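The values are calculated or read from the model by the stated rules, or taken from the named source; none is laboratory data. In this text, all values refer to a predicted model and were calculated from it rather than measured experimentally. Every residue, glycine among them, receives a Cβ derived from its backbone with ideal geometry; neighbour counts consider all protein chains shown. Ligands, DNA and RNA are excluded from the accessible area calculation, which covers all protein heavy atoms including side chains. Shrake-Rupley method; radii C 1.70, N 1.55, O 1.52, S 1.80 Å.
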Amino acid sequence: MSTPDIGIDLGTTNMVIAMGKKGVVLSEPSVIAYNSCTERILAVGQEAYRMIGKTPAYIKVVHPLSDGVISDDLLTQCMIREFLIKVAGHQLVKPRIIICVPSFITELEKRAVGDAVMSAGCRKAFLIDEPIAAMLGAGINIGKARGHMVVDIGGGTTDVAIVSMNGIVTSHSVKSAGNSIDQAIMKYMLNRYKLLIGEQTAEQIKIRLTNLYDPRDDVTMLVKGRSVMRGLPDAVEINEMELFDAMEDDIFAIMEAIKKVLEDTPPELVGDIYENGILLTGGGSLLGGLRELIHRTLNVNCVLAKDAVHCVAKGTGLAFKKINHLLDGFEGVTVYKYR
């Protein structure tokens, strides 16, 4: 029985799995729900996500990853195992798995990810940096002596890197990303309107109303929540300008990360970046007006990757074809063998 190779984008917000020639077979929130009394897993993924803020006290709904790294080893193992069963069933022979990690995490944190995947049931686990996986998933030839820049805006972190000759030349990561933007929106609504909203509402505001390039005050959205002053349901209208003010600090941090990487890059490679542009991947790259804002601020063209949300997961699957080359060429790729 042939064993499929599996690529996993273990994101803070979403987990995406690519399997062999099938491509992306699963894309669900990195959320798990369990009964704290019986310690029984109740749901994972989309089903668990729908439970957030709607459960009794003894049912915990948690994100086992925080800022791109594992915050709860056991729950992460359970979540990965449940997702693998969901896509492959109980008959899956121990597969090889490539899992991507943020480029800034420590060796100890990498070991935690490797151990979690091994415990979930695989015979070999390979770790690959997210910028490399994103480039591969976007179809970029990274083997040539030519600079390519990627900005991967995920849920927990934003990874910025220059890649050339199969390796990362320079990189920088910040924790300003999708989740921190959601938190900023929630904080703004609380401070400005004394309106308490949840994570899901903040995310919907971000998706529907964001305009980073040319925000207007006549484009509005009705936001529903609970009034802190009265403790009763309430609703207020906010516009694009207000949302831009709420998100400004996080967007500025991402722009500064891009500038820092460009400043640390050799001049010859910067010339390549000017010609090739910046590749945007991850769910955060879909924010309205982001490409135009980067172009206006940094005078560099931006290209949104095809299927930007699943780009990293696709890259992990494609990395199997180059696994021997990657192991020889990448210092950051770690291998864990099944014992």
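General observations
- Within the stretch 153-190, the residues that satisfy the criterion of being assigned to a strand (DSSP E or B) and either open to solvent by 20 Å² or more (accessible area, probe 1.4 Å) or of a type in the set (Ser, Thr, Tyr) (or both) are THR158, SER164, ILE168, VAL169, THR170, SER171, HIS172, SER173, VAL174.
- Tally, over the stretch 303-321, of residues that are part of a helix (DSSP H, G or I) and either out of contact with any helix residue (DSSP H, G or I) (no Cβ under 8 Å at 6 or more places or on another chain) or modelled with pLDDT under 50 (or both): 2
- One residue alone among LYS60, LYS94 is among the charged types (D, E, K, R), open to solvent by 60 Å² or more (accessible area, probe 1.4 Å), more than 23 Å from ASP129 (Cβ to Cβ) and part of a loop (DSSP other than H, G, I, E, B), and that residue is LYS94.
- Residues that are open to solvent by 50 Å² or more (accessible area, probe 1.4 Å) and in a loop (DSSP other than H, G, I, E, B) within the stretch 37-54 comprise CYS37, THR38, GLU39, ARG50, GLY53, LYS54, listed in sequence order.
- Qualifying residue in the stretch 242-264 (condition: open to solvent by less than 60 Å² (accessible area, probe 1.4 Å), not β-branched (Val, Ile, Thr) and not in a helix (DSSP H, G or I)): no
- Leading residue by the ranking (farthest from GLU130 (Cα to Cα)) among those in the stretch 156-201 that are charged (D, E, K, R) and touching a helix residue (DSSP H, G or I) at 6+ places or on another chain (Cβ under 9 Å): ARG192
- Test: residue in the stretch 197-213 that is of a type in the set (Phe, Trp, Tyr) and not in a loop (DSSP other than H, G, I, E, B): no
- Total residues in the stretch 286-297, condition under 26 Å from LEU190 (Cα atoms) and surrounded by 19 or more Cβ atoms within 10 Å (Cβ to Cβ): 3
- Filter result for THR106 (closer than 25 Å to MET135 by Cα and of a type in the set (Val, Ile, Thr)): yes
- Residue within the stretch 251-267 that is within 27 Å of TYR188 (Cβ to Cβ) and acidic (Asp, Glu) present: yes
- Residue pairs meeting the criteria (Cβ under 6 Å; at least 6 apart or on separate chains; first farther than 14 Å from LYS22 by Cβ, in the stretch 78-89; second open to solvent by 30 Å² or more (accessible area, probe 1.4 Å) and of a type in the set (A, V, I, L, M, F, W, C)): CYS78/ILE41
- Test: residue in the stretch 15-24 that is in contact with a strand residue (DSSP E or B) (Cβ under 9 Å, 6 or more places away or on another chain), surrounded by fewer than 21 Cβ atoms within 10 Å (Cβ to Cβ) and either of a type in the set (A, V, I, L, M, F, W, C) or touching a residue at least 24 places away in the same chain (Cβ under 8 Å) (or both): yes
- No other residue among ALA125, ALA145, ALA112 is out of contact with any Pro (no Cβ under 9 Å at 6 or more places or on another chain) and in a helix (DSSP H, G or I) apart from ALA112.
- Residues of the stretch 272-281 that turn out to be in contact (Cβ under 8 Å) with a residue 60 or more places away in the chain, assigned to a helix (DSSP H, G or I) and open to solvent by 10 Å² or more (accessible area, probe 1.4 Å), as a count: 2
- Residue check for ASP9: open to solvent by 50 Å² or more (accessible area, probe 1.4 Å) and not polar (S, T, N, Q): no
- Taken together, the residues in the stretch 212-241 that are surrounded by fewer than 19 Cβ atoms within 10 Å (Cβ to Cβ), under 29 Å from the mean Cα position of the chain (by Cα) and touching a residue at least 40 places away in the same chain (Cβ under 8 Å) amount to 2.
- Enumeration of residues in the stretch 214-229 that are within 23 Å of LYS54 (Cα to Cα) and either among the polar types (S, T, N, Q) or part of a loop (DSSP other than H, G, I, E, B) (or both): SER227, VAL228, MET229
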